[in-house]
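Beneath this line is the structure, given in C-alpha cells, with notes to follow.
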Amino acid sequence: MSTGSRGDAPVRRGRAGDDGIRPLTRAVAVLVLPFLGVASVLLYLLPGDTERLFAWTIEPPLTAMVLGSAYIGGIWFFAQVLRQKRWHRVRHGFPAVLLFATLLGLATALHWDRFHPGHVSFVAWTALYATTPFLVLAVILVNGRADTGRRDLIETTIPVAVRILLVVVGGSSLAGGAILFFAPHVAVGSWAWDLTPLTARVTGAVLTLPGAVNLWMLVDGRWSAFRVLFQAQLISLIALNLTLLLCREQLVWANAVTLPVVVALAASLVAYAGVYLAGERRARRILKPRAT
C-alpha cells in the first residue's frame with residue numbers, strides 16, 4: 001500500500017474538521033519546491049562553488065552541505081504535502097518550517113553584508129525568506145482547524161516512552177540550535193567545524209527543525225501524524241551523516257564538541273530508523289487482519 005493511500009477515505013472539502021489539505025497549502029508547496037531543488041543541487045553537489053553560484057559564500061563546504069541536507073529533507077516533506085490527502089499527516093511540519101524560515105530571514109538581515117547583491121541566487125533567497133514565513137503562517141491559520149485529532153482508518157500509536165525520548169532528543173537539538181543562533185560567538189572557534197557568525201546562525205536554524213517537530217509528540221501520539229515527517233528527517237539525517245563522512249577532513253577534532261556532535265548525528269540516524277521501522281511494523285500488523 002502506498003504512503004498516500006493508507007487509511008484514506010472520502011474527505012469533505014472546505015470544512016473545518018474535514019482533515020483536508022487546502023489549496024493554499026498545496027500552492028505554498030509548489031512555490032517552495034523549485035527553490036529547494038535548485039538549492040539542494042548547488043549546496044550539496046557543488047558546495048565548493050558557492051562564491052560563484054549561490055546567494056553568499058559558504059565556507060567550509062561542509063556547512064553548505066549541512067544546509068543542503070535540510071533542503072533535501074524539505075523536498076520530501078513538501079512533495080508529500082502535494083501527494084497526501086489528509087492534513088494531519090503533514091500538519092506538524094509547518095511550525096518547524098515557520099521557525100526555520102523565520103530564523104534564516106533574520107540571519108539574512110543581520111548579515112546582509114555577507115551576501116552577493118544582484119546575483120540571481122541572492123534575489124531568489126531574499127524573496128523566499130522575506131515571504132515564506134508569512135505564507136507558512138497563513139497555511140497554519142487557514143488549514144490548522146482541519147485536524148480534529150481523528151485517527152486514520154488504519155492507525156497505530158507511538159509508545160509513550162518513545163515519544164518522551166524523542167521529545168528529549170528534539171528539545172536538546174532545539175536548545176542547541178537556539179544557542180548557535182542567538183549566541184553565535186559561542187560556536188565560532190569551538191564547534192565541530194569552522195563557523196562564522198552567519199554560518200553559526202544557519203547551522204542553528206537547521207538544528208531547530210527536529211525539535212520543532214518532536215515537541216508535538218507531547219500532545220499527539222498518532223503514528224500517521226509523524227510518519228511523513230520521520231521520512232523527511234531520515235532523509236536529512238542520511239545526507240548529514242554522509243556529509244560528515246565525505247568532509248571528515250574539515251572537522252576540527254581538537255574541539256571538545258566534535259566527537260559528541262558526530263556521535264549524536266550517527267546515533268540519531270540509527271534511532272530514527274529504528275523508531276520508523278517499528279512504527280511501520282505495528283501498522284502492518286493492524287493492516288494484515290483487515291486485508292484478510
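The values are calculated or read from the model by the stated rules, or taken from the named source; none is laboratory data. It should be emphasised that the depicted structure is a prediction, and the values quoted were computed from it without experimental measurement. We place every Cβ from the backbone using ideal geometry, glycine too, and count neighbours over all the protein chains shown. Heads up: the accessible areas ignore ligands, DNA and RNA and are worked out on the full protein's heavy atoms, side chains in. Shrake-Rupley method; radii C 1.70, N 1.55, O 1.52, S 1.80 Å.
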- Roughly speaking, to the nearest percent, how much of the chain's 1.4 Å accessible area is carbon and sulfur? 71 percent
- Eigenvalues of the alpha-carbon gyration tensor of region 158-260, times 5 and square-rooted, give semi-axes in Å, largest first, of 28, 16, 11
- Highest first, please rank the peptides 214-225, 138-149 by the mean number of other Cβ atoms sitting within 10 Å of their residues. 214-225, 138-149
- Message: Need one number: the % of Cα-Cα pairs in region 137-218 sitting beyond the 19 Å mark.
- Response: 55 percent
- For the chain, the per residue accessible area (1.4 Å probe, Å²) is 44 Å²
- So, relative contact order of the chain in percent, Cα under 8 Å, 6 or more apart, is 24 percent
- Note on the structure: If every Lys and Arg gets +1 and every Asp and Glu gets -1 at its Cβ, then about the Cα centre region 78-229 yields a dipole, in debye to the nearest 20, of 620 debye
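Once fully extended, how much extra length lies between Arg150 and Val261, figured as 0.36 nm per residue of separation less the alpha-carbon to alpha-carbon distance? Walk me through the numbers before you get to the answer.
Values: separation 111, 0.36 × 111 = 39.96 nm, distance 3.79 nm.
Computed gain between Arg150 and Val261 is 36.2 nm.
Work out the P(r) tail for the chain: percent of alpha carbon pairs separated by more than 27 Å, whole number.
Details: 17315 of 42486 pairs.
Tail fraction, whole percent: 41.
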- Calculated from DSSP helices alone, with each H run of at least 4 adding -39500 (n - 2.57) and the total divided by the residues of the chain, [θ]222 nm to the nearest 500 comes to -21500 deg cm²/dmol
- Message: How many angstrom lie between the Cα centre of region 67-88 and the Cα centre of region 251-265?
- Response: 29 Å
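Taking every pair of Cα atoms in region 76-155, average 1/r, invert it to obtain the Kirkwood radius, and report Rg/Rh to two decimals. Numbers along the way, then the final one.
On the way: Rg = 16.0 Å, Rh = 14.5 Å.
Using only Cα positions, Rg/Rh for region 76-155 is 1.11.
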- Query: How far is helix 120-143 tilted, in degrees, relative to the longest principal axis of the Cα atoms in the chain, given as a value from 0 to 90 rounded to the nearest 10?
  - Reply: 30 degrees
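Just need the relative contact order of region 179-292 here, percent rounded to a whole number, with Cα pairs under 8 Å and 6+ apart.
Details: 73 pairs, mean separation 33.4, N = 114.
Here the relative contact order equals 29 percent.
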